[in-house]
Amino acid sequence: MTPHHVIIKIITENEETQNAAFSREPYRITECQQCAATRKQRMNDM
């Protein structure tokens with residue numbers, strides 16, 4: 001098993017719309033410390 005760096009970040013999904021403040025969703029962002037591969041997953045889809 002390889003070590004990973006994991007953060008939770010709030011991301012605005014539709015910045016161009018008038019309702020951008022309401023389109024923010026939490027994402028789990030994982031980065032492999034060995035190969036630097038990054039994966040982003042929407043928390044509401046888990």
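The values are calculated or read from the model by the stated rules, or taken from the named source; none is laboratory data. Computed from a predicted model, the values in this text were never measured in an experiment. Note: ideal-geometry Cβ built from the backbone for every residue, glycine included; neighbour counts use all protein chains shown. Heavy atoms of the whole protein, side chains included, go into the accessibility calculation; ligands, DNA and RNA do not. Shrake-Rupley method; radii C 1.70, N 1.55, O 1.52, S 1.80 Å.
Based on what the data block shows, is T38 surrounded by 12 or more Cβ atoms within 10 Å (Cβ to Cβ) and either at pLDDT 85 or above or in contact with a Ser or Thr (Cβ under 7 Å, 6 or more places away or on another chain) (or both)? Don't jump to the end; show me each part of the working.
On the way: surrounded by 12 or more Cβ atoms within 10 Å (Cβ to Cβ): no; either at pLDDT 85 or above or in contact with a Ser or Thr (Cβ under 7 Å, 6 or more places away or on another chain) (or both): yes.
Spelling it out, it is not the case that T38 is surrounded by 12 or more Cβ atoms within 10 Å (Cβ to Cβ) and either at pLDDT 85 or above or in contact with a Ser or Thr (Cβ under 7 Å, 6 or more places away or on another chain) (or both).
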> With respect to I8, is the statement that it is at pLDDT 80 or above, hydrophobic (A, V, I, L, M, F, W, C) and open to solvent by 70 Å² or more (accessible area, probe 1.4 Å) true?
Replying inline: yes
> Would region 19-30 turn up any residue that is touching a residue at least 24 places away in the same chain (Cβ under 8 Å), under 11 Å from the mean Cα position of the chain (by Cα) and assigned to a strand (DSSP E or B)?
Replying inline: yes
>> Need pairs with beta-carbon distance below 8 Å; first residue assigned to a loop (DSSP other than H, G, I, E, B) and within region 31-46, second hydroxyl-bearing (S, T, Y); sequence gap 6+ or separate chains.
In response: Q33/T2; Q34/T2; C35/T2
